[in-house]
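What follows is one structure encoded as structure tokens, with my remarks underneath.
The values are calculated or read from the model by the stated rules, or taken from the named source; none is laboratory data. Given the structure is predicted, the values throughout are model-derived calculations rather than measurements. Glycine gets a Cβ as well: all are built from the backbone with ideal geometry, and neighbour counts include every protein chain shown. Surface areas here come from the heavy atoms of the whole protein model, side chains and all, with no ligands, DNA or RNA. Shrake-Rupley method; radii C 1.70, N 1.55, O 1.52, S 1.80 Å.
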Amino acid sequence: MNLVVRMLITLTIVGVVSGGVLNSIWDWADPLIKENARIETENAIKVVQPETITRERVETNEMEVYKVFSQDSKLIGYAAVAVGNGFQGKIKLMFGVKPDMKELVNLTVLDQSETPGLGTEVTQKTKFTDQFKKLIADPLVGWVKEGASTKPNEIQAKTGATISSKALVAIVNDGLKKLRSIKELGGNNE
């Protein structure tokens, strides 16, 4: 048997065995990954809607949305996942809103790839993200670059991370627009 045929047979065997091992690892890891994602979602919902006792996922193709309820089964608002572009990559966040969708309760960043030390400042629990707590989001969230915000729906952008700050506001606003348009929630489905 010549050298080329032996090499092809060896590479084929190595490829098949490697594929089988990877498939076995995936079969083992996939349920763990899904469970960790479920736990991460549960924790994020409790951050953006702290009074949540129960939640119910709203089936929609537009975004991941949860109705959240208090102990007496009263609707206290919504928790929604929004994704958009930051300075260096995608930012995935979850925000909570009141039932009328005019006031944010809180937000938390689920995933990001912003510049360490600068852009990450707007994605971690800091004074910057605390500005979104109980922020009026009617009609949408605005921002100012310098000085204190003068309107109830504005936040102050983080110095040195203005692009990431603006990106976070844009992601929240896009998420709010989508959330308000979902028919199942009583939106007008624009």
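Couple of notes before you dig in:
- The range 85-107, residues that are farther than 20 Å from residue 153 by Cα, touching a helix residue (DSSP H, G or I) at 6+ places or on another chain (Cβ under 7 Å) and of a type outside the set (Val, Ile, Thr): 85, 86, 87, 88
- Exactly one residue out of 124, 112 is open to solvent by 50 Å² or more (accessible area, probe 1.4 Å) and at pLDDT 70 or above: that is 112.
- In the range 60-77, the residues that are touching a helix residue (DSSP H, G or I) at 6+ places or on another chain (Cβ under 7 Å) and surrounded by fewer than 19 Cβ atoms within 10 Å (Cβ to Cβ): 60, 62, 63
- Within the range 22-46, the set of residues being more than 25 Å from the chain's Cα centre (by Cα) and open to solvent by less than 80 Å² (accessible area, probe 1.4 Å) comprises 24 only.
- The residues on offer are 63, 1, and the sole one that is farther than 23 Å from residue 109 by Cα and modelled with pLDDT under 90 is 1.
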